[in-house]
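Chemist: Structure below; questions to follow.
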Amino acid sequence: MRLVTFSSVVLVWHVFFFGSLLLEGDSTQVHGWLNAHATFYGANQSPSTLGGACGYENTFHAGFGVNTAAVSGALFKGGEACGACYQVKCNSRVDPKWCLLGGLVTITATNFCPPNNIGGWCDPPRQHFDMSMPAFFRIALPGNEGIVPVFYRRVPCNRRGGVRFTLRGQSNFNLIMISNVGGSGEIKVAWVRGSRTASWVAMHRNWGAYWQSSIDLRSQKLSFMLTLVDGKSLEFINVVPSSWKFGQTFSSHNQFS
């Protein structure tokens with residue numbers, strides 16, 4: 001029979017106990033959860049108007065509702081994150097006083113949290129969410145100092161209705177704001193085709209959720225083709241009628257799953 005000494009038992013227990021703490025603290029080891037911090041917009045700011053760097057103008061009209069956030073540059077990726085969805089929960093082990101136990105919220109990235117380059121929470125390489133108040137107080141208790149440690153992970157976006165296309169620009173400069181995108185929510189590549197256009201024309205991200213092309217598409221039916229970051233693609237054929245005007249929004253029947 002093998003003799004197990006007291007010191008060996010203590011060593012095994014020590015490794016198990018502190019190893020468990022490491023797994024709970026290191027979010028990359030727990031079901032894909034990652035570490036970040038979260039703050040919230042001021043009380044006098046309406047999340048419905050904070051499309052900000054993504055250009056959504058009104059997050060309700062864009063299909064995202066009230067649970068939105070501005071994300072730091074490490075997450076924003078030059079606008080690619082616009083429309084992406086994240087699950088966020090408070091890290092109660094680190095902050096048991098202010099974390100709402102069991103609190104969990106799904107948010108959409110609709111804005112950019114700029115760095116101040118003096119060690120601010122949105123300075124690179126920090127991953128940070130500046131959340132709308134309704135979203136923040138689903139994971140944290142009121143009265144806290146305004147910042148809590150969180151876990152987050154990317155999740156699919158479940159959207160109501162189809163993808164939406166808002167037409168901006170003039171003559172041969174077309175600026176298309178694309179919103180209410182399901183699936184991964186992040187658009188990687190976009191194309192447009194007019195009813196008198198021979199083939200698909202690649203668009204380029206102008207800023208945030210806005211994509212541009214430099215051809216005259218007036219008085220034509222418009223079709224779009226989108227490819228998301230996860231590789232899924234969809235075509236939206238004749239989603240815009242030939243009678244369209246700049247400033248109008250058209251919703252498709254198609255949606256990413």
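The values are calculated or read from the model by the stated rules, or taken from the named source; none is laboratory data. Being a predicted model, the structure only gives us computed values, none of them experimental. Cβ placement follows ideal geometry from the backbone for every residue including glycine, while neighbour counts extend to all protein chains displayed. Calculation scope for accessible area: heavy atoms of the full protein, side chains included, ligands and nucleic acids excluded. Shrake-Rupley method; radii C 1.70, N 1.55, O 1.52, S 1.80 Å.
Chemist: Examine segment 88-100 for a residue that is buried (at least 17 other Cβ atoms within 10 Å of the Cβ), under 22 Å from G161 (Cα atoms) and without any contact (Cβ under 8 Å) to a residue 60 or more places away in the chain, and state whether such a residue exists.
Modeler: no
Chemist: I need every pair where a residue in segment 130-144 that is more than 13 Å from T106 (Cα to Cα) has its Cβ under 9 Å from the Cβ of a residue that is open to solvent by 60 Å² or more (accessible area, probe 1.4 Å) and assigned to a strand (DSSP E or B), sequence separation at least 6 or different chains.
Modeler: Filtered contacts from segment 130-144: D130/F40; M133/F40; A140/F40.
Chemist: Now, a different point. Where the second residue is surrounded by 23 or more Cβ atoms within 10 Å (Cβ to Cβ) and outside any loop (DSSP other than H, G, I, E, B) and the first is on the phi < 0 side of the Ramachandran plot and β-branched (V, I, T) and lies in segment 208-224, which pairs have Cβ atoms under 9 Å and are six or more apart or on separate chains?
Modeler: I215/N174; I215/V192
Chemist: Let me ask something additional. Output the strands (runs of 3 or more DSSP E) that fall wholly within segment 148-257 and possess 2 or more residues being among the polar types (S, T, N, Q), or say none. Explain how you work it out, then say what you get.
Modeler: Values: elements: 148-155, 164-170, 173-179, 187-194, 204-207, 210-213, 222-228, 233-240, 249-251.
Filter on segment 148-257 gives 164-170, 173-179, 210-213, 222-228, 233-240, 249-251.
Chemist: Residues V240, V201: which one is within 20 Å of V181 (Cα to Cα) and either among the β-branched types (V, I, T) or out of contact with any Pro (no Cβ under 6 Å at 6 or more places or on another chain) (or both)?
Modeler: V240
Chemist: Mind checking which residues of segment 106-125 are aliphatic (A, V, I, L, M), modelled with pLDDT of 95 or more and open to solvent by 50 Å² or more (accessible area, probe 1.4 Å)?
Modeler: Passing the criteria: none in range.
Chemist: Also, quick follow-up: From the list D216, D230, which one is open to solvent by 10 Å² or more (accessible area, probe 1.4 Å) and under 18 Å from the mean Cα position of the chain (by Cα)?
Modeler: D230
Chemist: Answer with yes or no whether N91 is modelled with pLDDT under 95 and of a type in the set (S, T, N, Q).
Modeler: no
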